[in-house]
Amino acid sequence: VSDKRISALVGVAPFNRDSGKCRGSRTIWGGRANGRAGLYMGTLAAVRYNPKLKAFYERLLSQGKIKKVALIACMHKLLRILNAMIRDGKSWQAPA
């Protein structure tokens, strides 16, 4: 499944609600609550112990992002990584 479709299915894809002069703000909504809850817990552990996601999370925080927004972005990134692993039939390889 494409990254956009899997993100929308889980509910971590940013959707716009642009109207008139209100532009630029994106929100996540919809999707499967059970999948999102499991991904949330996995992401909490990943931002603590996975060096790649930890660096990504800390970079977002240093840019001034709110912790919850940075965590949702990490959920989106982890979901894309998992989708690529399933697509390619590979297991997780720790970054060298």
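Computed values, structure above
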read-out: Filtered residues of the stretch 39-49 (kept if at pLDDT 90 or above, crowded, with 16+ Cβ neighbours inside 10 Å and not small (Gly, Ala, Ser)); value: Thr43, Val47
read-out: Test: residue in the stretch 73-96 that is over 14 Å from the mean Cα position of the chain (by Cα) and among the polar types (S, T, N, Q); value: yes
read-out: Qualifying position, being open to solvent by 100 Å² or more (accessible area, probe 1.4 Å) and in contact (Cβ under 8 Å) with a residue 12 or more places away in the chain, among Lys67, Lys52; value: Lys52
read-out: Qualifying residue in the stretch 77-95 (condition: part of a helix (DSSP H, G or I) and farther than 21 Å from Ala8 by Cβ); value: yes
read-out: Count of residues meeting criterion [of a type in the set (A, V, I, L, M) and open to solvent by less than 40 Å² (accessible area, probe 1.4 Å)] in the stretch 82-96; value: 1
read-out: Residue match in the stretch 35-44 (condition: of a type in the set (S, T, N, Q), out of contact with any Leu (no Cβ under 9 Å at 6 or more places or on another chain) and either assigned to a helix (DSSP H, G or I) or farther than 20 Å from Lys4 by Cβ (or both)); value: no
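The values are calculated or read from the model by the stated rules, or taken from the named source; none is laboratory data. In this text, all values refer to a predicted model and were calculated from it rather than measured experimentally. Note that each Cβ is placed from the backbone with ideal geometry, even for glycine, and that neighbours are counted across all protein chains shown. Side chains included, ligands, DNA and RNA excluded: accessible areas come from the protein's heavy atoms. Shrake-Rupley method; radii C 1.70, N 1.55, O 1.52, S 1.80 Å.
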